[in-house]
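**Q** Here it is, the structure, as C-alpha cells.
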C-alpha cells in the first residue's frame, strides 16, 4: 500500500473511534420528566409509592424507576416504569426475568392499547399464578418488542436524540393475583398510557 492510503485509513479509524466515543458518552435527554408526570391520584384512581426490593435496587441502580400501588375502581394493581437511559442493561426481555425467577409462561397474547400493542402474560410457578401486562413506550408508540427497543435506543444514540423520546418499560400487575379487567384499568387510569 502506498503511504498516503495508509494515512487515510488511520485517519478514518481515528475519526470512527472518536465518533463512537462521542456517541457513547454524549448526554441525551432521559425520560425522567415523563416518569414524574405519572400522577399518584386523580379522578377515578389513587396510588402510593412502593419501595424497590433489594434485587430491584441492584438491577436498576443506574436506571430511573418508579414502583407504585394503584387502585382504580375495584382493581388494585402495581405499576413499575423503568427509564434505562442511565443503564441500557436495565431493560431486557421481561420473559427472561420471569423465567429466571422460576415462572413458566402459561399464555402470552397481544393486547391492544392506545398507540400500539402491549403483551399480556399468564404466569405459573408451582401452585402460584400471576398475570402481567407490559409494553415499551416512547410517549407516542407502544410495543412489546425488546429487539425494537434496542433499535430505538441505537437510532436515538446515533441521531443524538432527534429520532424520538427515550423509550421506557411499563409493567402492570394485579396486586392480589386476580385476573384484571384491563379495559377498566386503562379507562380509569388513562395517564398510564401517556408515558
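The values are calculated or read from the model by the stated rules, or taken from the named source; none is laboratory data. Just so we're clear, the structure is a prediction, and the values are computed from it rather than from any experiment. Backbone-built Cβ (ideal geometry, glycine too); neighbour counts: all protein chains shown.
**Q** Please give the number of the condition residue 162 fails out of (1) more than 17 Å from residue 29 (Cβ to Cβ); (2) free of Cβ contacts under 8 Å to residues at least 60 places away in the same chain; (3) surrounded by fewer than 20 Cβ atoms within 10 Å (Cβ to Cβ).
**A** Condition (1) is where residue 162 drops out.
**Q** Filter the range 97-126 down to residues that are closer than 17 Å to residue 172 by Cα and without any contact (Cβ under 8 Å) to a residue 12 or more places away in the chain and give me whichever is nearest to the chain's Cα centre (by Cα).
**A** The qualifying residue nearest to the chain's Cα centre (by Cα) is 97.
**Q** Is it fair to say residue 65 is closer than 25 Å to residue 165 by Cα, assigned to a strand (DSSP E or B) and within 17 Å of the chain's Cα centre (by Cα)?
**A** yes
**Q** Could I ask something else about it? Working only within the range 147-195, note down all residues that are over 17 Å from residue 80 (Cα atoms) and in contact with a helix residue (DSSP H, G or I) (Cβ under 9 Å, 6 or more places away or on another chain).
**A** 150, 153, 157, 158, 160, 162, 163, 164, 165
**Q** So, one more: Select from the range 1-30 the residues that are within 18 Å of residue 156 (Cα to Cα) and in a loop (DSSP other than H, G, I, E, B) and write down the one among them that is modelled with the highest pLDDT.
**A** 30
**Q** Under the condition of being in contact (Cβ under 8 Å) with a residue 12 or more places away in the chain and not in a strand (DSSP E or B), which residue from the range 41-55 is farthest from the chain's Cα centre (by Cα)?
**A** Filtering the range 41-55 for residues that are in contact (Cβ under 8 Å) with a residue 12 or more places away in the chain and not in a strand (DSSP E or B), the one farthest from the chain's Cα centre (by Cα) comes out as 44.
**Q** Any idea which of (1) surrounded by 14 or more Cβ atoms within 10 Å (Cβ to Cβ); (2) under 16 Å from the mean Cα position of the chain (by Cα) is the one residue 89 doesn't satisfy?
**A** (1)
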